[in-house]
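Below you'll find the structure, written out as structure tokens, and then a few comments.
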Amino acid sequence: SNATIVFEPGTDIGGAITLSGSNISLIFGSGCEIDGIIITGSDCYINGGGWDTISNGGTARDGLYITGSDNIVENIAVKTTGGGAANNAGIDIATGDRNVIKHCNVADSDAEGVLIASGATHTLLDGVFITETDGRGIQTSGSETRIIGCYTGTTGAGHDSIQLASGAVNCVVTGCMVQNSGNVSIDITATAEDAVVVGNRTDGAPSDNSGTSTVASNETTAFS
């Protein structure tokens, strides 16, 4: 706990990094390589120094896995092996409150680009760029998720680009671009109540099965 670690540009960390304490900062120079990052602690900060620093979970683990609270991760690329049949997500937030993911790139994913479970609340995705996934681009079951200014590229056949799944109440999706969706552009499921999906550019109309959400001012033929 209470530590700052600075990595020189081009550092190759031959394994995964786990942050289990609190108030830990990882500051990377450009072009570093990590075999996955795991955050079980809280109040941690990671700055990748740019998207040429990559946390690659391969077929062994998620690119970034979080169970703690009040963590900030920005300016880094993550990936898992597409077609790896291991069901690893680019970013997996399993539990925790108030985690922030900013300006990150999910270069590829064997499953979801970003997966937010029901135990995670008040998550913020800000300017996350998702290049390609085998599964959904973004899937959240966490309440009060905010998805702002994100991009989702090609998703797997039959997979939504953004899904507000069961438990994802009071979520916001705004200012996002959705392109090359394998199914529905933005899917608000029946129990994802009181969502706000406004001002997005998509390649198909959002689907609202909740009956309690606000869906307005979305450009649904942006890429046709």
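The values are calculated or read from the model by the stated rules, or taken from the named source; none is laboratory data. Just so you know, these numbers come straight off a predicted model, no measurement behind them. So basically every Cβ, Gly included, is an ideal-geometry build from the backbone, and we count neighbours across all protein chains shown. The area values use the complete protein model at the heavy-atom level, side chains included, leaving out ligands, DNA and RNA. Shrake-Rupley method; radii C 1.70, N 1.55, O 1.52, S 1.80 Å.
Structure notes:
- Phi to ³J(HN,Hα) by Karplus 6.51 cos²θ - 1.76 cosθ + 1.60 over the range 27-44, Hz, x for Gly, Pro: 10, 9, x, 5, x, 8, 10, 9, 9, x, 10, 10, 10, 9, x, 10, 6, 9
- Cβ-derived FRET efficiency at R0 41 Å, residue 33 paired with residue 191, nearest 0.05: 0.55
- The fraction of accessible area contributed by carbon and sulfur in the chain is 47 percent, rounded to a whole number (1.4 Å probe; ligands and nucleic acids excluded).
- What the chain shows is 38 Å² of accessible area per residue, with the surface traced by a 1.4 Å probe over protein heavy atoms.
- Viscosity 1.306 mPa s, 10 °C: Kirkwood-radius Stokes-Einstein D of the range 1-93 over Cα pairs, µm²/s: 123
- For the range 153-224 versus the range 19-72, the spacing of their alpha-carbon centroids is 28 Å.
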